[in-house]
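One structure is given below, encoded as structure tokens.
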Amino acid sequence: MLNLVLFGPPGAGKGTQSKNLIDKYGLIHLSTGDLLRGEIAEGTELGLEAKKLMDEGKLVPDAVVIGMISHKLDANKDAKGFIFDGFPRTVAQAAALDELLESKGSSITAMVALEVNDNELEHRLLLRGKDSGRSDDANPEIIRKRIKEYNDKTAPVADFYRGQDKFNSINGIGSIDEIFAAISEVTEKY
Ligand code: AMP
């Protein structure tokens, strides 16, 4: 199995590059952000709870996203592999993901971190907010809160994978094709 963690701050290009990876390697895309937005659209209780936190730019509780991922792994037993996009966002989530995969006789192959500076991220998210309809992309204050959550809680996840020799840094500024070529090169190393 090819299991990739696509890592990086909001606006780094994880969603865009996930699409390319799905086309090339036939992987299943698991984005906790998309799954949460699906719950909100369906008006579930989980969605209502998550929406409050998402609108404030805060992370939702670990147990919620771990539960969603566990469910999706079970529902896709014959997958060639997965792209984890926007998950894990805390060290506790990374440890839980390792356990979930291990219980299925699998593991994370590699983590690919897209590096983009904060100014560029803010600029990209504000642009995206103009046509994505995502309320958390439209407000500069919420964007800064999301980037702060990333720096405080999510950036340490890189060290978790560094410790397993699975960390790969990629420059997230450049053309979509250039960045995809760099990701493919990493993927083919494993
Ligand atoms: P995203 O689409 O990945 O930018 O996620 C949008 C929002 O959903 C985030 O700002 C968080 O509030 C929430 N979220 C998505 N994934 C996670 C996660 N793995 N852990 C905690 N919160 C998450």
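The values are calculated or read from the model by the stated rules, or taken from the named source; none is laboratory data. As the structure is a computational prediction, the values presented were derived from the model and not from experiment. Cβ atoms come from the backbone with ideal geometry, glycine included; neighbour counts cover every protein chain shown. These accessible areas exclude ligands, DNA and RNA; they are computed on the full protein's heavy atoms, side chains included. Shrake-Rupley method; radii C 1.70, N 1.55, O 1.52, S 1.80 Å.
Return yes when Val5 is at pLDDT 95 or above, within 12 Å of the chain's Cα centre (by Cα) and assigned to a helix (DSSP H, G or I) and no when it is not. Here the answer is no, as Val5 does not meet what is asked. Scanning region 125-143 for residues that are in a helix (DSSP H, G or I), surrounded by fewer than 19 Cβ atoms within 10 Å (Cβ to Cβ) and of a type in the set (D, E, K, R) yields Arg128, Lys130, Asp131, Glu141.
Across region 19-33, the qualifying residues are those that are at pLDDT 95 or above and assigned to a helix (DSSP H, G or I), and the one among them that is surrounded by the fewest Cβ atoms within 10 Å (Cβ to Cβ) is Gly33. Summed over region 92-108, residues that are out of contact with any Asp or Glu (no Cβ under 8 Å at 6 or more places or on another chain) and either open to solvent by 60 Å² or more (accessible area, probe 1.4 Å) or within 15 Å of the ligand (Cβ to nearest atom) (or both) total 10. Just for region 45-62: of the residues that are near the ligand (Cβ under 10 Å from one of its atoms) and part of a helix (DSSP H, G or I), which one is least open to solvent (accessible area, probe 1.4 Å)? It comes out as Ala50.
Kindly establish whether Glu120 is of a type in the set (Asp, Glu) and more than 21 Å from Tyr25 (Cβ to Cβ). Answer is yes for this residue. Across region 130-143, not a single residue is classified as at pLDDT 95 or above and closer than 23 Å to Asp34 by Cβ.
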